[in-house]
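The values are calculated or read from the model by the stated rules, or taken from the named source; none is laboratory data. Predicted, not measured: the structure shown is a model, and the values here were computed from it. Don't worry about glycine lacking a Cβ; one is built from the backbone with ideal geometry, like all the others, and counts go over all protein chains shown.
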Amino acid sequence: MDIQRDRVSCFFGPFPTLQEVNCAYKDYVAEKWLITQLDDLNKFSMQRDQMDVCHYDMLPAMIMDKYSYLKVTEIMLFFWETKCGTYGSFYNKVEPARIMDMLWQFVSKTRQEAVRQREQEAIRKYEEYRHQNEVADPERMRSILMKISFRQPEPKNDVLDSEDESAVMQSAMNFLHNSSLTAEVKEQMAKGFEARYGCSPQEFVNKHQTRKEK
């Protein structure tokens, strides 16, 4: 996994937190892994004064105390960005306090980034859900229309009241101007409309417009 490029997976992927690693493997595995990362950073920095061995015991414990909820991928991203100088330099001395300050900056920045990502994902899912509900499922529509098509026509009044007529008119207009329906579905819908109202959608619109002109 290319951590610095796939930041979304870094934050939200199925990777364990430091605490989960310790719970799964015991024997302070997370702390030992942190020591490896810190030692690599220490050597990479090439500073004049590097961390002492005693700091390798203290720093992992401090990180676990404050940030054990971070995923291992997030910690890897932190060390990568630290090496890139994202949070400043060490000024000739690798200090544990400076590393903890850099980690605090990293967490502050990435928490905001994660919140924005969650918002974008929520919007994406909402738009996807809305689109799925706006576009009729052909199989479901076909099933409904087949039932409508074989219904016996209901007794109809000669004149619909204005509210009903307006609703039926809107339904007929929607049918006539909907270009996304297949020919088969349109045929079934037309049959269903005629079975219910005694005429095709186009005939209903024509009658409605003729009455309005009179």
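Computed values, structure above
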| quantity | calculated |
| --- | --- |
| Failed condition for TYR87, given (1) surrounded by fewer than 13 Cβ atoms within 10 Å (Cβ to Cβ); (2) part of a loop (DSSP other than H, G, I, E, B) | (1) |
| Yes/no for GLU163 being modelled with pLDDT under 60 and assigned to a helix (DSSP H, G or I) | yes |
| Residue check for ARG142: surrounded by 12 or more Cβ atoms within 10 Å (Cβ to Cβ), over 30 Å from SER68 (Cα atoms), at pLDDT below 65 and of a type in the set (D, E, K, R) | yes |
| SER45 more than 19 Å from SER108 (Cα to Cα), surrounded by fewer than 19 Cβ atoms within 10 Å (Cβ to Cβ) and of a type in the set (S, T, N, Q) | yes |
| Residue within the range 96-110 that is assigned to a loop (DSSP other than H, G, I, E, B) and more than 24 Å from ARG7 (Cβ to Cβ) present | no |
